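A.B. asks: Provided herewith is a single structure, encoded as structure tokens, for subsequent inquiry.
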Amino acid sequence: MGSLYSEYLSPSKVLEHYNYTKETLDKQEASRQVASSLIILLCCAIVLENLLVLIAVIRNSKFHSAMYLFLGNLAASDLLAGVAFVANTLLSGPVTLRLTPVQWFAREGSAFITLSASVFSLLAIAIERHVAIAKVKVYGSDKSCRMLLLIGASWLISLVLGGLPILGWNCLGLLEACSTVLPLYAKQYVLCVVSIFSIILLAIVVLYIRIYCVVRSSHPDVTGPQTLALLKTVTIVLGVFIVCWLPAFSILLLDYACPVRACPILYKAQYFFAFATLNSLLNPVIYTWRSQDLRQEVLRLLLCWRPAARMQGRRAGTPGHSLLPLRSSSSLERSMHMPTSPTCLEGNTEV
């Protein structure tokens with residue numbers, strides 16, 4: 001056991017692996033500094049945007065339903081993904097070569113954990129929407145416990161997945177088995193991660209197709225606007241997810257297939273991962289900005305609206321200030337005049 005981790009604190013091990021997998025070692029040139037600055041600005045926007053959504057969900061009890069709690073978990077994971085990517089960027093370039101293996105694993109593992117948690121949160125939201133629309137009553141008196149278990153499971157799986165390399169699934173001492181993109185990670189581990197993310201993507205697609213089929217078959221009298229709203233949301237969700245993550249998946253698959261130093265494009269992989277991080281920036285727009293209630297709450301945080309003005313808006317009955325909460329799966333089941341689909345609720349929410 002000791003021999004397995006004996007090289008984790010070696011100051012020269014990272015340099016050895018980078019020399020083996022890279023044709024040339026990256027230097028902190030002006031172009032790289034500009035790219036790093038842009039990536040950090042992007043991550044700051046991710047942190048700010050998701051922090052606003054998270055605060056809005058926490059501070060308003062009307063958003064403590066199942067759907068909004070899952071959205072809050074998604075915002076938290078995306079926020080941490082932005083923080084982790086900032087740290088990853090600051091510790092890249094020449095700094096990388098001065099890291100010990102355990103520091104390198106911590107740097108890359110934090111990014112893997114938070115991005116994995118974000119992806120698992122997307123899956124949890126798809127499951128919740130399917131539960132609501134299919135009238136499957138899984139949220140009873142112990143709904144908080146069930147939601148916490150699902151959220152906790154997503155983080156636990158993410159921790160395990162991101163922590164496997166530091167626990168021993170790496171290529172220290174086996175240079176020929178190393179990834180080019182992530183020189184201390186074993187190619188088999190990279191393939192495993194890509195396969196899991198691909199399965200999650202497929203599961204999300206299947207769930208949303210199922211949602212569409214249930215809406216269309218159960219409510220033929222309102223399938224016109226309801227179906228269009230649902231299809232619009234699903235198209236945005238799946239389209240952005242695929243566009244953001246497909247380049248990163250492709251570069252990792254290419255990394256697995258290419259021999260060492262055979263594919264120069266792998267040396268630009270950081271840009272593919274930066275593009276994938278855009279998903280964390282767009283998630284609040286896709287999943288919460290289509291809720292007028294949540295949008296207004298976030299705007300209040302940004303504009304520092306006074307409580308008095310909020311109460312006046314309520315008394316005046318202004319549509320733009322309506323604060324009707326998004327109904328949970330249980331309230332959806334009790335609705336008799338509206339379909340259970342959460343695509344259009346009380347005229348003020350589309351998710």
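A.B. asks: Only one of 90, 54, 48 is of a type in the set (A, V, I, L, M), in contact (Cβ under 8 Å) with a residue 24 or more places away in the chain and under 17 Å from residue 283 (Cα atoms); which?
C.D. replies: Result: 54 is the single residue among 90, 54, 48 that is of a type in the set (A, V, I, L, M), in contact (Cβ under 8 Å) with a residue 24 or more places away in the chain and under 17 Å from residue 283 (Cα atoms).
A.B. asks: Okay, next question. Give me the helices (runs of 4 or more DSSP H) completely within the range 253-351, filtered to those with at least 2 residues that are of a type in the set (Phe, Trp, Tyr) and modelled with pLDDT of 80 or more, ordered by residue number.
C.D. replies: Here the list reads 269-287.
A.B. asks: Let me ask another. Of everything in the range 275-304, what is open to solvent by 60 Å² or more (accessible area, probe 1.4 Å) and in contact with a Pro (Cβ under 8 Å, 6 or more places away or on another chain)? Give them in sequence order.
C.D. replies: 275, the sole residue that qualifies.
A.B. asks: Being modelled with pLDDT under 80 and of a type outside the set (Ser, Thr, Tyr) is the filter; apply it to the range 137-155 and report the residue that is surrounded by the fewest Cβ atoms within 10 Å (Cβ to Cβ).
C.D. replies: 140
A.B. asks: Within the range 223-238, does at least one residue satisfy the condition of being in a helix (DSSP H, G or I), surrounded by fewer than 18 Cβ atoms within 10 Å (Cβ to Cβ) and modelled with pLDDT of 75 or more?
C.D. replies: Yes.
A.B. asks: Of the residues in the range 60-77, how many are part of a helix (DSSP H, G or I) and touching an Asp or Glu at 6+ places or on another chain (Cβ under 8 Å)?
C.D. replies: Residues in the range 60-77 being part of a helix (DSSP H, G or I) and touching an Asp or Glu at 6+ places or on another chain (Cβ under 8 Å): 5 in total.
A.B. asks: Right, something else. Can you tell me which residues in the range 239-274 are among the small types (Gly, Ala, Ser) and either over 26 Å from residue 286 (Cβ atoms) or open to solvent by 80 Å² or more (accessible area, probe 1.4 Å) (or both)?
C.D. replies: 257, 262 - these are the residues of the range 239-274 that are among the small types (Gly, Ala, Ser) and either over 26 Å from residue 286 (Cβ atoms) or open to solvent by 80 Å² or more (accessible area, probe 1.4 Å) (or both).
A.B. asks: A further question follows. State whether one or more residues within the range 6-23 are at pLDDT 90 or above, of a type in the set (Lys, Arg) and closer than 22 Å to residue 109 by Cβ.
C.D. replies: Checked the range 6-23: at least one residue is at pLDDT 90 or above, of a type in the set (Lys, Arg) and closer than 22 Å to residue 109 by Cβ.
A.B. asks: For residue 174, only one of the following conditions fails: (1) under 21 Å from the mean Cα position of the chain (by Cα); (2) open to solvent by 50 Å² or more (accessible area, probe 1.4 Å); (3) at pLDDT 85 or above. What is its number?
C.D. replies: Going through (1) under 21 Å from the mean Cα position of the chain (by Cα); (2) open to solvent by 50 Å² or more (accessible area, probe 1.4 Å); (3) at pLDDT 85 or above one by one, residue 174 breaks only (1).
A.B. asks: Taking the range 83-136 only, how many residues are of a type in the set (Ser, Thr, Tyr), at pLDDT 85 or above and under 16 Å from the mean Cα position of the chain (by Cα)?
C.D. replies: Going through the range 83-136 one residue at a time, the tally reaches 3.
The values are calculated or read from the model by the stated rules, or taken from the named source; none is laboratory data. A quick note: this is a predicted structure, and the numbers were derived from the prediction, not measured. No Cβ is skipped: glycine too gets one built from the backbone with ideal geometry, and neighbour counts run over all protein chains shown. Side chains included, ligands, DNA and RNA excluded: accessible areas come from the protein's heavy atoms. Shrake-Rupley method; radii C 1.70, N 1.55, O 1.52, S 1.80 Å.
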